[in-house]
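Read through the structure below, which is laid out as structure tokens, and then see the notes.
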Amino acid sequence: MARKKNASFVPTTPFDVDVDALTLKHTIENAIGNTALVFDMLTGENGEANTIRHIGSGRGCPLGVPLWQQTIGRGLNYRGTGSVKGGVPGAVWLCAHPFFLPEGETIFRVRVRASGPFGALVPTVRVTTTGGTTEAGPVPLIAADPEDEQDAVYECSISGLTTGLHLVFLECNTEGNSTANIDLLSWHGYFWRRRPETSSPARSQSSTVVTLTTPTATQGVAHVDFQDTTFSADAAIDSYQTTYLDRNLNGLAEFGSGWPAGDNATYTHEDHDGAGVADPTDPARSRFHACTRAIYANEPELDFPWVAGAVGAYGIDGLPVIDPGAVAPTAGMLSWFAPYPLTASLLTMLRLPGRAPDFQTGASRLKWAVLAATDLGASATNWRATVDLSVASTSAFGSAFSAGPSVACLTLATGTGLGGWTGDGLHTISIKTDKTTAFAGSYTEFFLLGYCLYWEP
């Protein structure tokens, strides 16, 4: 005997579902085979390789998780007089950071919100490889309808990229606009028409309408297998087949969608700790399609952008947008500039909060990237980045490279398998820097531009 499972989805013909059509055995057989296939695709059980990873093309719809969503709220005007060290208006990157494009996504939009029209600043967006080779752009940002009449909104579309890590730059030229009184309010990378709706679907508040089986301690979703001999020639349809087909379908609907099946008021599935007590936070027994591998060892894992953003502006000519000093900058774009360390020792440059998804931690798929700039390219590889979630990951920055019209002033550090996080937990992400040699006698040799953390199976 063999388990009844269709190798691929088998459709039902119009003749089988027409008014007054007979319910034929092959209709029930195909429904059971399709349901078994869905169970395996969601859980990775029974050696299924074609799992639901939310990458499109029959493997689950893309999730549309924003690539970055950053509130900035900083002024772009210059103060004082710069010097040969920086702080002089010109071509600048207002934002520059890594970001991760998940599999199955090909087009996204960039949105910038400002306190007023950019006017002659004319911002554009450039996307490059991690080595600075231009992949898209510079794409002009076009004025769009603002949500608030007092703000100015600009948007553009980016396409043609491949899955993986990229760099994004918001470019403009501030020369001749040193007194432009503009606040950069926010900066977003998102998938067009994929933002969440504002309303929720209705459900019953008082009764159970459809039936499904409560999972046992070892099950994420209760599923009854049928043997193919059940559908041998001359075998009749029986109530066991139809009843448990219905229960299997309802169970998968609740497990896969995270919503009570049918019009049910409550869930049958419930996340538990190891002792069988309800535990919706970091559960040991996850009974929803959350890719936790808490019960199913081969449950598919997802591409998932967690957090990304820019830290401050920097000059495309390789010099900072401020005139740096030993304690604080003295002139330039003083409200929004890439920060710089004052010591070669390990120093926390940035802390930010983040709630981690409930993914498995045993073999962490969490990766990170940190982008920096330097006016001393030979010194770049002596610097290191550390990303810390209570367990730290440290990597050296690579050789300096250029992007678009810039000089070779950029450097990137990346890491994999970052640990120290708990599923569903709120964490403080710390980004630190240090140098393996002494300062080269200047505070202009290292500037933190941006960061990115993401899960990639």
Straight-line reach from K5: which aspartates and glutamates have a Cα under 15 Å away, not including same-chain ones fewer than 8 places off?
E29, D40, E45, E48, D225, D228
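To the nearest 20 debye, what is the magnitude of the charge dipole of the stretch 1-156 about its Cα centre, counting +1 on the Cβ of each Lys and Arg and -1 on the Cβ of each Asp and Glu? Can you show the working numbers first?
Details: 13 positive and 16 negative charges, 166 e Å.
I would put it at about 800 debye.
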Quick one: what are the phi-derived ³J(HN,Hα) couplings along the stretch 338-350, Karplus 6.51/-1.76/1.60 with θ = phi - 60°, whole Hz, x for glycine and proline?
5, x, 9, x, 9, 8, 7, 6, 4, 9, 6, 8, 7
Applying the Karplus parametrisation 6.51 cos²θ - 1.76 cosθ + 1.60 with θ = phi - 60° to the phi angles of the stretch 91-107, what ³J(HN,Hα) value in whole Hz is obtained for each residue in order, glycine and proline being reported as x?
6, 9, 9, 5, 9, 7, 6, x, 8, 10, 9, x, 4, x, 9, 10, 10
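From the Cα trace of the stretch 276-421, what convex hull volume per residue do you get, rounded to a whole Å³?
Working: hull volume 21.6 nm³, N = 146.
In the stretch 276-421, the Cα hull volume divided by residue count equals 148 Å³.
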For the stretch 25-60, list residues with backbone N below 17 Å from a point placed 7 Å from the Cα of A233 toward its Cβ?
25-26
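Based on the Cβ-Cβ distance of A363 and E135, what FRET efficiency does E = 1/(1 + (r/R0)^6) give at R0 = 41 Å, to the nearest 0.05? Each step should come with its number before you reach the end.
On the way: r = 30 Å, r/R0 = 0.74.
With a Förster radius of 41 Å, E is 0.85.
Rounded to the nearest 0.05, what FRET efficiency do A49 and E175 give with R0 = 60 Å and r taken as the Cβ-Cβ distance? Could you check? Don't skip to the answer; put the middle values down first.
Details: r = 55 Å, r/R0 = 0.92.
The formula returns an efficiency of 0.60 here.
Only helical DSSP H runs with n ≥ 4 go in: add -39500 (n - 2.57) per run for the chain, normalise by residue count and round the 222 nm mean residue ellipticity to 500 deg cm²/dmol.
On the way: 2 runs with 38 residues, N = 457.
Computed mean residue ellipticity for the chain: -3000 deg cm²/dmol.
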Arrange the peptides 325-337, 344-356, 11-23 so that the one whose residues have, on average, the most other Cβ atoms within 10 Å appears first.
325-337, 344-356, 11-23
Using Cα positions and a limit of under 28 Å, work out the lysines in reach of K367, with same-chain residues fewer than 8 apart set aside.
K432, K435
Kindly rank 359-365, 309-315, 139-145 from highest to lowest mean number of other beta carbons found within 10 Å of each residue.
309-315, 359-365, 139-145
Which lysines, if any, have their Cα less than 29 Å from the Cα of K4, not counting same-chain residues under 8 positions apart?
K25
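Each value in this text was obtained by applying a stated rule to the coordinates, not by laboratory testing. These numbers come from a predicted model, not from an experiment. A quick note on method: Cβ atoms are made from the backbone with ideal geometry, for glycine too, and the neighbour counts reach across all protein chains shown.
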